[in-house]
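The values are calculated or read from the model by the stated rules, or taken from the named source; none is laboratory data. All figures in this text were calculated on a predicted structure; none of them were measured in a lab. Glycine gets a Cβ as well: all are built from the backbone with ideal geometry, and neighbour counts include every protein chain shown. Each accessible area value is taken on the protein alone, full model and side chains, heavy atoms only, with ligands, DNA and RNA left out. Shrake-Rupley method; radii C 1.70, N 1.55, O 1.52, S 1.80 Å.
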Amino acid sequence: MLGYLIKRLLMLVPLFLGITLITFTVIHLAPGEPVEMQTAMNPKISAQTRQKLREYYGLDKPLYVQYGKWLTRLSKLDFGRSFASDNRPVIDKIKERIPITLSLNIIALVLEFGLAIPIGILAATHRETLLDRGITIFVFLGFAVPTFWLALLLMYLFGVKFGWLPISGLHSLGSEGFSPVRWLIDMGRHLLLPIAVATFGSLAGLSRYMRANMLEVLGQDYITTARAKGLGERAVIYRHALKNALLPVITLLGFSLPGLIGGSVIFETIFAIPGMGQLFYMGVMARDYPLVMGILVIGAFLTLVGNLLADLCYALADPRIRHGG
Amino acid sequence: MTNLYTLYWNRFRSNRFAVAAALVVLSLFILSFLAPLITPYDPDAIDAYHVLLPPSGAHWFGTDELGRDVFTRVVYGARISLKVGFVAVGIAVLVGTVVGLVAGYYGGWPDTILMRLVDIMLCFPTFFLILAVIAMLEPSIWYIMIIIGLTGWMGVARLVRAEVLSLRERDFILAARALGASDLRIIFRHIFPNAMTPVLVSATLGVAGAILTESALSFLGIGVQPPTPSWGNILTSGKDYIEFAWWLSLFPGLAILVTVLSYNLLGEGIRDALDPRLGRR
């Protein structure tokens, strides 16, 4: 296990370097240079300041020198300063946004797995029945619904038409004066729709995957054996089949992270939630290069860590990998 | 060979959902090619006297904030969606196939490097990457198609590589090599056609994904730029007028839903027809 762990940790280094290289290349593909963009929008910046900025970002140096400098600063968690008028360090801006996006996504992830696994089992054990058909239709609709449209419809129904739920932000006006319980309930009401949208987005794929796994496992010889020795259907499904059907789902946990983080741009923008997705969107619109690069690197890094954790869980759960790898 | 294709066709035909989906996809093509014949309105014609009208006999899907006919804009929007879907997926399939063929056939360090590249690309939240690149460039439909393609080839590369790995050791490849066929000939003449089945399926599903991505980008205002109608940017005004004009949000969304649903069902149908092993789930 230790050997496997060390091997996986060592693999992180080239992958992380690759992430930074791609981020750097992508940003420098753009015609014109960042300083031009920043100064063009602000007539007050003099030629002298422009030169200073150029030196700070090392823009007068060749690209590989710039990349090296950027990488050195990254290793000290220095992502540079935002081009926005507040001119704050990018890392501070990201730090205050990350908790919101991460907790939203973790809640959505838990809900997603909590719902998709039973749905998948139900569909597999009731194969070809009305229930299975119904679930399949739901799954295909889920695949096809654009999340932003779903958000729009929910906003219209619950926010505008019935007026049950708030449709933007995290807190109501004047929530500072609320008691802690009321404050929490208020935030929960604000989060209900965004979390529903975030969860629904990937629920379909996961439940279909779970159904397929379950069906495959149910076709195995050891299940026939279990049935042949007279075990009840419950024991067969929950004790023998489920564990094996769940194994591949663990890896999917890691894979669903980039989708979730990427998806947060959409629902955070629509519901005006001050998270990383919204920050990224604003950064992109303002061409705030240091901010965009910072979030790209951190987003990919989070995925990398997520994948690693998922793989470790998989290794813990599956002795074949633990001992073989 | 003809017998095999008859078998595929018969299997496909017996799947009602897939046939229905194929018909929808076909009608979308016809609709978008014949757009000017189908609707009497000009998609960009502003009509200040008929602003935000609800659906009626004259305007089936109502009118938008500039008095333009929403049905007309949705029909013309289909053109954009189909174009983006096919070009983006074409690029993804091309890049993915080449990467997968090279990695799988040659193995060794080209394989290691290419597959690590796939791993790295899969780490990025794709939507972030697309957003970043598009915002750095000028928004244009060509950039959108290229970027959606360049961020979507990894799955195809993995599929093709896996197929090549299993084909490489087969007897007919060995026979071709023994007869003195060059690498290129073996790859394109013998391996490529055999590895295409899963790619066809993943490409069909990819069209659905690309259409969704384009509509999300256009919705956020960095995709197809107005006044050119796209389903996503009609929904942008749908959001602004959601309190007074539900039809602006409902119809373009339904158009996306139906289109994406059809491509997904079509993809599944093709997979079941070509490879029943995978379909019997």
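Find how many whole Å separate the alpha carbon centroid of segment A:63-102 from the alpha carbon centroid of segment B:114-140.
19
If I take all pairs of Cα atoms in segment B:175-270, what percentage of them are more than 21 Å from each other?
Roughly 53 percent, rounded to a whole number.
Long-range amide H contacts for B:T63: which residues qualify at under 5 Å (H placed 1.01 Å from N, peptide plane, sequence gap of 5 or more or a different chain)?
Amide H to amide H, under 5 Å and 5 or more residues apart or across chains, B:T63 pairs with B:L52, B:L53, B:V70.
How far is it, in nm, from the label point at A:F138 to the one at A:K95 when both lie 7 Å from their Cα along the line to the Cβ?
It is 4.3 nm.
Work through the residues other than A:S103 whose Cβ is under 15 Å from its Cβ and net out their charges, Lys, Arg +1 and Asp, Glu -1.
-1
Take peptides A:119-132, B:252-265 and line them up by average Cβ neighbours within 10 Å, highest first, as a rough protection proxy.
Peptide ranking by packing, descending: B:252-265, A:119-132.
Using the alpha carbons of segment B:69-202, what is the convex hull volume per residue in cubic angstrom, as a whole number?
Spelled out: Cα convex hull of segment B:69-202, divided by residues, is 126 Å³.
Using label points projected 7 Å from each Cα along Cα→Cβ, tell me how many nm separate A:L165 and A:L192, to one decimal.
0.6
Compute the accessible area of each residue in segment A:9-29 twice, once for its chain alone and once with every protein chain present, using a 1.4 Å probe on heavy atoms, and list those whose area falls by at least 40 Å².
Residues passing the criterion (a loss of at least 40 Å², heavy atoms only) are A:L15, A:I22, A:V26.
Given the pairs A:K7/A:K76; B:K83/B:K239; A:K93/A:K161; A:K69/A:K93, which span a C-alpha to C-alpha distance of over 28 angstrom in this model?
Over 28 Å apart, Cα to Cα: A:K93/A:K161.
Take every residue in peptide A:149-157, count the Cβ atoms of other chains within 10 Å of its Cβ, and give the average of those counts.
Rounded to a whole number, the mean comes out at 5.
What's the total accessible area buried between chains A and B, using a 1.4 Å probe, rounded to the nearest 100 Å²?
4300
Starting from the amide H of A:R81, placed 1.01 Å from N in the peptide plane, find each other amide H under 5 Å away whose residue is 5 or more places distant or on another chain.
A:V90
What does the C-alpha gyration tensor say about the overall shape of segment A:246-308? Classify as rounded when a/c is under 1.5, otherwise prolate if a/b is larger than b/c, or oblate.
oblate
Cα convex hull of the protein assembly as shown: how many Å³ per residue?
217
Let me see the P(r) profile for segment A:173-325: every Cα-Cα distance counted, bins of 10 Å, each bin given as a percent of all pairs.
Taking every Cα pair in segment A:173-325, the percentages come to 9, 24, 27, 21, 13, 5, 1.
Using the per-residue mean of other Cβ atoms lying within 10 Å as a proxy for protection, in what order, highest first, do the peptides B:146-157, A:164-175, B:203-214 fall?
Peptide ranking by packing, descending: B:203-214, B:146-157, A:164-175.
How many angstrom lie between the C-alpha centres of segment B:73-103 and segment B:216-232?
First find each Cα centre; the distance between them is then 18 Å.
For a quick check, take a GNM of chain B with Cα springs below 10 Å and name the residue from B:A178, B:A132, B:A103 with the largest mean-square fluctuation.
With Cα springs under 10 Å in chain B, the top fluctuation among B:A178, B:A132, B:A103 is at B:A178.
Using Cα pairs closer than 8 Å and at least 6 residues apart in sequence, work out the relative contact order for chain A, in percent.
The value is 26 percent.
Let me see the P(r) profile for segment B:1-121: every Cα-Cα distance counted, bins of 5 Å, each bin given as a percent of all pairs.
2, 9, 11, 11, 10, 12, 10, 11, 8, 7, 5, 3, 1, 0
Consider just the alpha-carbon atoms of chain A and return their Rg together with their Dmax, both in angstrom.
24.3, 85
Among the lysines, select those whose C-alpha is under 23 Å from the C-alpha of A:K243, and discard any that sit fewer than 8 residues away in the same chain.
Once the sequence-local lysines are set aside, what remains near A:K243 is A:K229.
Loop only by DSSP, 12 or fewer other Cβ within 10 Å of the Cβ. Give me the chymotrypsin sites (Phe, Trp or Tyr not before Pro) in segment B:18-112 that pass, ordered by residue number.
Here the chymotrypsin sites (Phe, Trp or Tyr not before Pro) that fit, given the DSSP loop and packing criteria, are B:Y49.
Ignoring any ligand, DNA or RNA, what whole percent of the accessible area of the protein assembly as shown comes from carbon and sulfur when the probe is 1.4 angstrom?
67
Across the residues of B:132-141, average count of Cβ atoms on other protein chains within 10 Å?
5
If Lys and Arg each add +1 and Asp and Glu each add -1, what is the summed charge of the other residues whose beta carbon sits under 14 Å from the beta carbon of A:L152?
Summing Lys and Arg as +1 and Asp and Glu as -1 gives 0.
Using only the alpha-carbon atoms, how far is helix A:63-75 inclined from the longest principal axis of chain A? Give it as 0 to 90 degrees, nearest 10.
Here the helix axis deviates by roughly 60 degrees.
Residue by residue through A:138-147, how many Cβ atoms from other chains fall within 10 Å of the Cβ on average?
Whole-number average of other-chain Cβ neighbours for A:138-147 is 6.
Just to confirm, what accessible area per residue do you get for chain A at 1.4 Å probe, in whole Å²?
49
How far is it, in nm, from the label point at A:I107 to the one at B:L179 when both lie 7 Å from their Cα along the line to the Cβ?
My value for the distance between the label points is 6.4 nm.
Would you rank B:T72, A:T147 by solvent-accessible area, highest first, keeping every protein chain in place and using a 1.4 Å probe?
The residues order as A:T147, B:T72, largest area first.
Only counting protein heavy atoms at a 1.4 Å probe, give the residues of segment A:269-288, ordered by number, whose accessible area falls by 10 Å² or more when the other protein chains are present relative to the chain alone.
Those are A:T269, A:I270, A:F280, A:Y281, A:V284, A:M285, A:R287, which lose 10 Å² or more relative to the chain on its own.
For segment B:40-183, what is the relative contact order in percent, using Cα pairs closer than 8 Å and at least 6 residues apart in sequence?
Once normalised by length, the contact order is 24 percent.
Wrap a convex hull around the Cα atoms of chain B, take a quarter of its surface area, and give that in square nanometres.
Value for chain B: 18.2 nm².
Between segment A:142-217 and segment B:18-69, how many Å separate their Cα centres?
31
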